[in-house]
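Student: Shown below is the structure under consideration.
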Amino acid sequence: MIQKVEQLVSIGKFRDYSARGNVAFNKMTLIYADNGSGKTTLSAVLRSLTKNEAGLIKSKISTNATLPQSAQIIQRLSGSDTHFTFGRNGWSGSLPDIEIFDIHFVNENIYSGFDFNDEQRKQLHQFVIGAAGVGFRQQIEQNKTDKARCRQVQEGIEQNIIRSVGNGLNASLLPSFIAMSANHNNNIDQRIVTAEAALRSANSNAVLQTLPQLSPLTPLNQLDDTQNLISDLATSTATLMNASLRETFINHCTELSENRIASPENWLRTGYHYLESKIENSGDELHLTCPFCRQNVNDSLAIIEAYSLKFNEEFNSLVLRLNTHSTNLGQYNLNALILRFNEINRINGERIASWETHLPNTIQSPLFNIIDDESAVQQSFSALNALVRQKLQNPSISVATDEVAEFHALIHEINLNIINYNQSISIYNIAITTFLRGIQTVVQVQNEVIKLKRIKLRFDPSIVSLIGNLSTEKTRLRGLETAYAALIAQQQSAAASFFTRYKDRINHYLTTVFKTPFLIDRVVHVPPQGRATLSKIDYRLTIDNVDISFDATQPNCAKDCLSEGDKSTIALAFFLSKLDIDGSTGNKIVVFDDPLSSFDRNRRLYTVQLLRDLLPNVKQLIVLSHNETFLHQVSKTTSAANKSSLRISENFTNHAAFIEPLSLETLMEHDYFKHVSELEAFLVNPDMTKKDTVLGLMRNVLEAHISFKFYRQLSDLSHNSRTFGVLITALNNPTAPVVFRVNTNRQDIINKLNLINGVSCIPHHGEAVPDYAALGLNPTSITVTELAHLVQDTLDLIDNLL
């Protein structure tokens, strides 16, 4: 039970309140306060204590506050006090067994204006279900929290995986990434190397398209008519001369050779051509002369005949062929051809070097092995040339033909090598063409490289560990989801019974107690949906069996069907019904802050009786109100030992609220009696600082006394005209004088009344100031004795004279 509000600092109008005097609470504590003086603030402090929500107090920090917020509330149980203090870090503890009915309860749980919304139904559910469902609610909320945390951990692990793997991994790819089997990782390094090579090719595609392919070699030409060359080289005089002249020709050649004639056959042929030229020029064959001795020469000579035979057309043809062979060999530029081969090999080598970085390593580069020994080929070719030259010098002498066969074989071997080389060139070029056609776009290959790198990282130990952690969290989440479904089912089963009783009690208050035309048709529990953590209460309100809609756009909506008093009645019914079915009501401190909002007289009377009936069933009842009559009615049946009356007052100088003791009996007393008591108190303890108040009290007491006692005699006077001076004049009406209690001294009574009227009158603007000299008493200079005499005269007038 709350024993006292010990301190409230910088909270609303409680700027620096510390308890003074007897301001202790009791089993029934009634707190009177004018509107705006601090009732709502005190309720907020109690709500903050029961919910342990510091924000409710911090939001009410005093204007122009200079002191830090603080509060202290004392709880007393079995004579032992517990101090709940509020400071910078909130409350030192909480007092959960407080139930508060106030405008905040209504706004949070029932309606705000004409709005009955889902959020209010969630709050109402928490209020109604109370201890009966707190276990389920806590478990459900914990389950929701655990699931949210589990999802958060999963999301963190997933983000960590995505961040660690990189390479284009995102949330949409993550499931398939995690599901990869070990087969995906087979030969992954080589696949990455291949893909990176393909990426280089894709990046270089524009350049690759301009790179030339390899050039083939042109095979060497064989010597023209090699067999004829061999035959011509092997031809001798034996094949050109008949048997009878062969010896003469041979002997002649031998003689010439022995006498230092080089190439005797050429020498003889030259001489023979000389004779032929002479014949052609002179036409005289009979008078030919030797160019050396000038002797006559004719064709009848045996030697000339031999020469004619020797150098006939066949011989000339041989020589011509030999010269042709010699010319062809001279045009056969073997060194240039070899240089050409080597140059093409160099060019192809450079091209291969360019292609090798892009082509698959399975493609073999062509092997250049055309000529094993270039010097041997060149020597063979030189020997062949020398042989032909030798033959030309002595055409009639046969020469060996091995050099021709050897060179022919070399050329044949070289050409075979060229054929093989060209075949490999063709294969390589085909591979280049195929490769170029197969080059993908940069984006395609980049994606493949990224994909392969992702695959490799999938099986990195650190990633495998993260995936294992993720799997563990997913398993945990599935378990929580299964447990959640079971908790919801249990909660629904328990809530169904609870809310059935709750609906019955609400309708008891609506129909039996407050006698309203509307009632609650059903009250049901709605479990949290989606990611919501709170259940809500759903109910249907009817009036004359017609549903009242909570949608302002629909017919028969609450806005049109319910008055403010009706809505307040519904809210109070919801609150009281919960107390009725709550098994722990006997341990509750129940607070009502102005429960009469918009209530008519009948509902006020019902509420008074409800609070009286509630008192024995709760630990403590605290009622705050600005209606002193209501508080007085509530307190009537409770003994003085079980009730306390307090008042929240305001110091209007510093606008600071404070709590002080209050006598409801005094508060309810008529002003006439209070004023009389105050006049009597002045006589006991005269205080001239209260002079003006005392003068006003005398005037008020006499006005009230005359109006009440002579009510019938003064009935002709309108209420608006019944000033003190008018009443005195009416009392002294010569045509119908009023009879006083001591009527023999009427004028003395009238004189006393006029004196008090004159001294206590405060002229308004435009009114004449009384003639204080004529009165014989001036209020500005009146002494305490003179004022006391006037008070005594006033009391004597009401007690004895009038």
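The values are calculated or read from the model by the stated rules, or taken from the named source; none is laboratory data. The model shown is predicted, which means the values in this text are computed figures rather than measured ones. Positions of Cβ are backbone-derived with ideal geometry, glycine not excepted, and every protein chain shown enters the neighbour counts. Protein only, heavy atoms only, side chains kept; ligands, DNA and RNA dropped before computing areas. Shrake-Rupley method; radii C 1.70, N 1.55, O 1.52, S 1.80 Å.
Student: Mind telling me which of the residues 209, 213 ends up being modelled with pLDDT of 90 or more, open to solvent by 50 Å² or more (accessible area, probe 1.4 Å) and closer than 19 Å to residue 353 by Cα?
Tutor: Of 209, 213, the one residue that is modelled with pLDDT of 90 or more, open to solvent by 50 Å² or more (accessible area, probe 1.4 Å) and closer than 19 Å to residue 353 by Cα is 213.
Student: Quick one: which of 640, 656 is open to solvent by 60 Å² or more (accessible area, probe 1.4 Å) and not basic (Lys, Arg)?
Tutor: 640
Student: Across region 440-465, which residue is nearest to residue 206 (Cα to Cα) among those that are open to solvent by 30 Å² or more (accessible area, probe 1.4 Å) and hydrophobic (A, V, I, L, M, F, W, C)?
Tutor: 442
Student: Of all residues in region 321-340, count the ones that are under 17 Å from residue 389 (Cα atoms) and of a type in the set (Lys, Arg).
Tutor: Counting residues in region 321-340 that are under 17 Å from residue 389 (Cα atoms) and of a type in the set (Lys, Arg) gives 1.
Student: To continue, here is another question. Looking at region 53-75, which of its residues are within 27 Å of residue 571 (Cβ to Cβ) and part of a strand (DSSP E or B)?
Tutor: Once the filter is applied, which keeps residues that are within 27 Å of residue 571 (Cβ to Cβ) and part of a strand (DSSP E or B), region 53-75 yields only 73.
Student: Every residue in region 406-437 that is within 60 Å of the chain's Cα centre (by Cα) and open to solvent by less than 50 Å² (accessible area, probe 1.4 Å), please.
Tutor: Listed by number, the residues that qualify are 428, 429, 431, 432, 433, 435, 436.
Student: Of all residues in region 773-793, count the ones that are touching a residue at least 24 places away in the same chain (Cβ under 8 Å) and small (Gly, Ala, Ser).
Tutor: Of the residues in that region, 1 qualify.
Student: Still on this structure, I have one more. Mind listing just one residue for me: the one in region 466-494 that is among the polar types (S, T, N, Q) and in contact with a Pro (Cβ under 7 Å, 6 or more places away or on another chain) and, of those, most open to solvent (accessible area, probe 1.4 Å)?
Tutor: 492
Student: Is there a residue being open to solvent by 70 Å² or more (accessible area, probe 1.4 Å), hydroxyl-bearing (Ser, Thr, Tyr), modelled with pLDDT of 85 or more and within 60 Å of the chain's Cα centre (by Cα) anywhere in region 160-172?
Tutor: Scanning region 160-172, I find at least one residue that is open to solvent by 70 Å² or more (accessible area, probe 1.4 Å), hydroxyl-bearing (Ser, Thr, Tyr), modelled with pLDDT of 85 or more and within 60 Å of the chain's Cα centre (by Cα), so the answer is yes.
Student: Scan region 753-762 and give yes if some residue there is at negative phi and out of contact with any helix residue (DSSP H, G or I) (no Cβ under 9 Å at 6 or more places or on another chain), otherwise no.
Tutor: no
Student: Now for a different question. For region 220-234, what are the residues that are in a loop (DSSP other than H, G, I, E, B) and either buried (at least 18 other Cβ atoms within 10 Å of the Cβ) or touching a Leu at 6+ places or on another chain (Cβ under 6 Å) (or both)?
Tutor: Selection gives 220, 223.
Student: Right, here's the next one. Could you pull out the residue among 365, 380, 424, 396 that is at negative phi and free of Cβ contacts under 8 Å to residues at least 40 places away in the same chain?
Tutor: 380
Student: Hey, among 794, 780, which residue is assigned to a loop (DSSP other than H, G, I, E, B) and among the hydroxyl-bearing types (Ser, Thr, Tyr)?
Tutor: 780
Student: Still on this structure, please answer the following. Look at residue 629 and say whether it is farther than 23 Å from residue 77 by Cα, open to solvent by 20 Å² or more (accessible area, probe 1.4 Å) and not aliphatic (A, V, I, L, M).
Tutor: yes
Student: For region 427-458, which positions are farther than 27 Å from residue 364 by Cα and free of Cβ contacts under 8 Å to residues at least 60 places away in the same chain?
Tutor: 443
Student: Also, quick follow-up: Among the residues of region 351-362 satisfying the criterion of being more than 52 Å from the chain's Cα centre (by Cα) and in contact (Cβ under 8 Å) with a residue 60 or more places away in the chain, which is least open to solvent (accessible area, probe 1.4 Å)?
Tutor: 352
Student: For region 463-497, name all the residues that are of a type in the set (Ser, Thr, Tyr) and touching a helix residue (DSSP H, G or I) at 6+ places or on another chain (Cβ under 7 Å).
Tutor: 484
Student: Checking residue 596 against (1) within 45 Å of the chain's Cα centre (by Cα); (2) open to solvent by less than 70 Å² (accessible area, probe 1.4 Å); (3) at pLDDT below 85: exactly one of these is not met. Which one?
Tutor: (1)
Student: List the number of the failed condition for residue 458; all other conditions in (1) at pLDDT 90 or above; (2) within 31 Å of the chain's Cα centre (by Cα) hold.
Tutor: (1)
Student: Same structure, new question: Counting just the residues of region 27-52 that are out of contact with any helix residue (DSSP H, G or I) (no Cβ under 6 Å at 6 or more places or on another chain) and not in a helix (DSSP H, G or I), which one comes out most open to solvent (accessible area, probe 1.4 Å)?
Tutor: Selected residue: 35.
Student: Please determine, by comparing only the residues of region 76-122 that are in a helix (DSSP H, G or I), at pLDDT 65 or above and open to solvent by less than 70 Å² (accessible area, probe 1.4 Å), which one is nearest to residue 44 (Cα to Cα).
Tutor: Here the answer is 104.
Student: Identify, please: which residue in region 373-402 is open to solvent by 60 Å² or more (accessible area, probe 1.4 Å) and in a helix (DSSP H, G or I) and is, among those, nearest to residue 251 (Cα to Cα)?
Tutor: Step by step, filter region 373-402, then rank; the result is 393.
Student: Let me ask something else. Take residue 201 and tell me if it is surrounded by 16 or more Cβ atoms within 10 Å (Cβ to Cβ) and polar (S, T, N, Q).
Tutor: yes
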